[in-house]
Amino acid sequence: MAQIGAAIGREFSYELIDAVAGGNERELRNELARLVASELVFQRGTSPESVYTFKHALAQDAAYWPAPGSEDTELRCLMEQEAGHGEATVYAGVQG
């Protein structure tokens, strides 16, 4: 979950990470709670309106780099699709 958030940007909404990550909402909330508890990210608000911010840009960078053989290309395609629904465009780690 940290890698998906990092690929989105330094700050990401619950709504966007939910759309990109897909899957079980309960698991998503648990994973995000774990990131908050570890102090990797800060949370503002409550889901589904919450916004998460990486504590430090270096933490975002460390979480961002994909593991060898990861599905990073597919992740970028999903983010690009969601960007068409009102979020910032995200491509190759650059927001625009």
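The values are calculated or read from the model by the stated rules, or taken from the named source; none is laboratory data. Given the structure is predicted, the values throughout are model-derived calculations rather than measurements. Reconstructed Cβ throughout: ideal geometry from the backbone, glycine too, with neighbour counts over all protein chains shown.
Within the range 40-59, count every residue that is at pLDDT 90 or above and more than 13 Å from the chain's Cα centre (by Cα). Result for the range 40-59: 4. Screening the candidates Glu27, Glu31, Glu82 for the property of being modelled with pLDDT under 90 and outside any loop (DSSP other than H, G, I, E, B) yields one hit, Glu82. Within the range 1-16, being part of a loop (DSSP other than H, G, I, E, B) and touching a residue at least 60 places away in the same chain (Cβ under 8 Å) holds for one residue alone: Gly9.
Taking only the range 9-24 into account, find how many residues are exposed (fewer than 13 other Cβ atoms within 10 Å of the Cβ) and of a type in the set (Asp, Glu). Here the count works out to 0.
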